[in-house]
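The values are calculated or read from the model by the stated rules, or taken from the named source; none is laboratory data. All values reported here derive from a predicted model rather than from experimental measurement. Cβ sites come from the backbone with ideal geometry, for glycine too, and all protein chains shown count toward neighbours.
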Amino acid sequence: MKYEQLKKLIQAFSEPYRGTIYHYTSADGISGIIDNHEIWMSNTAFMNDTTELKMLQNAEAIFKDTDFANDAVRREWHETLERQGFNRNRQTDYYMASFSRKKDLLEQWRAYGNFCIGFDAKKLAVKRRVFLYSCLYTEHDIRRWVLKKEKIDEWKGLANDEEKRNGAYNLFYVASMKYKNKHFKSEKEIRLIASSHHNWLYENSPEMYEDDLPIHFRRHPLYGSPVPYVKFFVNHESDESAKRMKETEKEMKERKLNEESTKPRKLLPITEIIVGPMAHQKEAKAACEILLSERGYKKVRVTESNIPYRGI
């Protein structure tokens, strides 16, 4: 099958995280996630971290030519720099939800809310073109990761230069997703990332955008304006889209929004809930237990944080 080996190479870059990952959120956030069985992924251009997905494009000195053993990767790095930074032209096409490898962290409670939801990472990354990436926080770590991945065995089966170029492009694409500012290292972040194109670069190939998640808008409390987000949920996927006739960009986007609203949601792979340090913690725990029971998550255990933090 064409590009099958390339797909194996790209899969080897993703390194999906295994284990439980934790999402810290507010009372409104946990209600929305459990009520609707969905996670909102925000456009990365509107994150609190102003360097989000820009770290690699700002690290021009991270590699030397002599570092690379793979010619295709070496050439792609030079092309990346010539394009004045990786992903810069597509900076607003990415959507992300953040998780942590650690539960019950005081600084996470302070920053993000009073509830921590544990998810089975393996069961979370199940949609096409939605990926989990474990963050790296230093030039040394991201450099070592790239140079390790340029030597893996999956490169050997690529058929031609086009596939090698595509593989090299995807290597730096994944690296840009993984590389995060060092000041956020204590968060131990795992990120769920998807791309959705509000502008089509290839209008004659609508099938390229079929797996894009529909884009919604919500009011941002800081900007005071609508900001884009997409909805992640688990459902039974099918290949019906492959049989569709070609559509205009407007027609596809309207159709996908309508389809999304009617798709049944499966239960999210929630493993546990931790109620953070707060006043009336026991009442909050009881409310979570009722919410989980009413929405089908009866086996999910709810516990209380023991951190002695009064909060506000």
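Considering (1) within 25 Å of SER100 (Cα to Cα); (2) in contact with a strand residue (DSSP E or B) (Cβ under 6 Å, 6 or more places away or on another chain); (3) at pLDDT 85 or above, the lone condition that PRO226 does not fulfil carries the number (1). Under the condition of being assigned to a loop (DSSP other than H, G, I, E, B), without any contact (Cβ under 8 Å) to a residue 24 or more places away in the chain and not charged (D, E, K, R), the residues counted in the range 257-301 number 1. Scan the range 115-134 for residues that are modelled with pLDDT under 95 and not small (Gly, Ala, Ser) and the total you get is 11.
Would you call TYR17 at pLDDT 85 or above, surrounded by 12 or more Cβ atoms within 10 Å (Cβ to Cβ) and of a type in the set (Ser, Thr, Tyr)? No, not satisfied.
In the condition set (1) on the phi > 0 side of the Ramachandran plot; (2) at pLDDT 95 or above; (3) not β-branched (Val, Ile, Thr), HIS280 is compliant with all but (2). When TRP109, TRP40 are screened for being surrounded by 15 or more Cβ atoms within 10 Å (Cβ to Cβ), hydrophobic (A, V, I, L, M, F, W, C) and touching a Pro at 6+ places or on another chain (Cβ under 8 Å), only TRP109 passes. The single condition among (1) farther than 22 Å from SER176 by Cα; (2) surrounded by 15 or more Cβ atoms within 10 Å (Cβ to Cβ) that ASN70 does not meet is (1). All told, GLU163 falls short of being of a type in the set (D, E, K, R), more than 30 Å from GLU107 (Cα to Cα) and surrounded by fewer than 16 Cβ atoms within 10 Å (Cβ to Cβ).
Could we say that GLU260 is in contact with a strand residue (DSSP E or B) (Cβ under 9 Å, 6 or more places away or on another chain), over 22 Å from GLY118 (Cα atoms) and surrounded by 14 or more Cβ atoms within 10 Å (Cβ to Cβ) here? Answer is yes for this residue. For the range 1-24, a residue qualifies if it is in contact with a helix residue (DSSP H, G or I) (Cβ under 6 Å, 6 or more places away or on another chain) and farther than 23 Å from TRP145 by Cβ, and exactly one does: TYR24.
Of the helices (runs of 4 or more DSSP H) lying entirely inside the range 92-210, those containing at least 2 residues that are closer than 20 Å to PHE13 by Cβ, charged (D, E, K, R) and within 21 Å of the chain's Cα centre (by Cα) are 139-149. Considering ASN48, ASN89, the condition of being farther than 28 Å from LEU147 by Cβ, out of contact with any Ser or Thr (no Cβ under 9 Å at 6 or more places or on another chain), at pLDDT below 85 and not in a strand (DSSP E or B) is satisfied by ASN48 alone.
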